[in-house]
Amino acid sequence: MAWMQKNFDPSVSWQDLEFVRNNWNGPIIIKGILDPDDAREAAAAQVDGVIVSNHGGRQLDGVVSTATALPRIADAVGDQLVILADGGIYSGLDVVRMLALGADGVLIGRSWVYALAARGQAGVEHVLELIQKEMQVAMTLTGCREIADIGSDVLE
C-alpha cells in the first residue's frame, strides 16, 4: 500500500497534462485509456496518441478488456489521434484483431520479454517471426493483402 500511495497521486488531472503539453514540444502518448470520454479529453489536450490498455488487468481487477474498449475509442477519436492497443496480444491473430477493432498500431509485451528471458535476441527474433507468420495467415484467410486492408469487416 505504501508503494501505491507514493506512485499514484489522486490529484493528477487533465490540467496537469495541459501544463506538460505547454512545456514539452515532443510527442505525448497517454497509456491506460479505456473510456471514450477520456480519449476525447486527451484529444482536447492535444496529445499525439493514446494507448488503449488495461495494464494487463493488474491495476483494477475486472476492468474492461482492451478489445472491448477499443472500438468505442476509435470511433470517438480515431480521426484525431494515433490509437495504439496494448494488452492481451499474444499472437499474430491478436494483432490483426486489434487492427480490425480500430488500432493504428499494436504493442506486445510479455511475449517478447519471455522470449528474451528464454533465448535472448534469438528468442525475440523467433517470437516476432511467429507473430508475422500468424498475421500473414490471418490476413490471407480474411482477404487482406496489406495491413491497410484490415478493417472491421474482417471480424464479421
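Model label sites at residue 133 and residue 156, defined 7 Å from Cα along the beta-carbon direction, differ in position by 3.3 nm. Here the convex hull built on the C-alpha positions of region 64-156 has a volume of 95 cubic angstrom per residue.
Provide Rg over Rh for region 1-138; use the alpha carbon set for both Rg and the Kirkwood Rh (inverse mean inverse pair distance). Spell out each step's value before the answer.
Values: Rg = 16.6 Å, Rh = 16.3 Å.
Ratio value, two decimals: 1.01.
Based only on Cα atoms, what Rg/Rh ratio does region 58-118 have, Rh being taken as Kirkwood's radius?
On the Cα set of region 58-118, Rg over Rh gives 1.02.
Other residues whose C-beta falls under 10 angstrom from the C-beta of residue 28 contribute a net charge of 0, scoring Lys and Arg +1 and Asp and Glu -1.
Starting from the Kirkwood radius over alpha-carbon pairs of region 11-54, derive D by Stokes-Einstein at 37 °C in a medium of 0.692 mPa s and give it in µm² s⁻¹.
On the way: Rh = 10.6 Å.
Stokes-Einstein gives a translational diffusion coefficient of 309 µm²/s.
Solvent-accessible surface of region 88-155, taken per residue with a 1.4 Å probe and all protein chains present: 62 Å². Going toward the positive end of the dipole of region 1-113, with +1 on Lys and Arg Cβ and -1 on Asp and Glu Cβ, which of 27, 108, 13 do you reach last? Among 27, 108, 13, the one farthest towards the positive end of the dipole of region 1-113 is 108. With R₀ set to 41 Å, the beta-carbon distance separating residue 55 from residue 119 gives a calculated FRET efficiency near 0.95. Rounded to the nearest 20, the size of the Cβ-charge dipole of the chain about its Cα centre is 540 debye, with Lys and Arg at +1 and Asp and Glu at -1.
Separation of region 20-93 from region 115-149 is 23 Å, based on Cα centroids.
Just how many % of Cα pairs in region 103-156 lie over 13 Å apart, if you round to the nearest whole percent?
Details: 924 of 1431 pairs.
Here the long-distance tail beyond 13 Å is 65 percent of all Cα pairs in region 103-156.
Against the chain, whose longest principal axis comes from its Cα atoms, helix 14-23 is set at around 80 degrees.
Could you give the length gained on full extension between residue 18 and residue 46, defined as 0.36 nm per residue of separation minus the Cα-Cα distance, in nm? Intermediate values should be presented prior to the final figure.
Values: separation 28, 0.36 × 28 = 10.08 nm, distance 0.84 nm.
Stretched out fully, the residue 18 to residue 46 stretch lengthens by 9.2 nm.
Each helix, a run of at least 4 DSSP H residues, gives -39500 (n - 2.57); summed and divided by the residues of the chain, these come to -16000 deg cm²/dmol at 222 nm. Per-atom-type breakdown for region 74-141 gives carbon and sulfur 58% of the accessible area (1.4 Å probe, protein chains only). Within region 1-60, list the trypsin sites (Lys or Arg not before Pro) lying in a DSSP loop whose Cβ has at most 10 other Cβ atoms in a 10 Å radius. Qualifying residues, ordered by number: 58.
The values are calculated or read from the model by the stated rules, or taken from the named source; none is laboratory data. Being a predicted model, the structure only gives us computed values, none of them experimental. Cβ atoms come from the backbone with ideal geometry, glycine included; neighbour counts cover every protein chain shown. These accessible areas exclude ligands, DNA and RNA; they are computed on the full protein's heavy atoms, side chains included. Shrake-Rupley method; radii C 1.70, N 1.55, O 1.52, S 1.80 Å.
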